[in-house]
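Asker: Here you go, one structure.
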């Protein structure tokens, strides 16, 4: 009995460690993406200061990168909140119970009718 509890505790702690490791990795990806975007914005801002490109181009670049970062963040957030498994980071959670649903009688009769016409 005590061995089973110890094994379950170790297994659960491993799940927690893996989940947090992957969570940090995902957060690091977002931070790297943000740093890269701000570095590009800064580079183009310097070009604009020396009048190599127009200032309106900086606005377009900034809006594009901020929108891109927000979209990536939103999709990752939405996936984690709605689809990602609570215990295993790399697994998906499905809403159904895994059982197939029955086809309604109207649909079944219509399918049989269509199939009978095809098998001439």
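Asker: Of these, 29, 68, 47, which one is in contact with a helix residue (DSSP H, G or I) (Cβ under 9 Å, 6 or more places away or on another chain), surrounded by 11 or more Cβ atoms within 10 Å (Cβ to Cβ), over 30 Å from residue 95 (Cβ atoms) and modelled with pLDDT of 90 or more? Write out each step before concluding.
Answerer: Values: 29 fails: over 30 Å from residue 95 (Cβ atoms); 68 fails: over 30 Å from residue 95 (Cβ atoms).
Residue meeting the stated conditions: 47.
Asker: Among the residues in segment 86-93, are any free of Cβ contacts under 8 Å to residues at least 24 places away in the same chain and part of a helix (DSSP H, G or I)?
Answerer: No: zero hits.
The values are calculated or read from the model by the stated rules, or taken from the named source; none is laboratory data. Here the structure is a predicted model, which means the values were calculated and not measured. Using ideal geometry, Cβ is built from the backbone for each residue, glycine included, and neighbour counts are taken over all protein chains shown.
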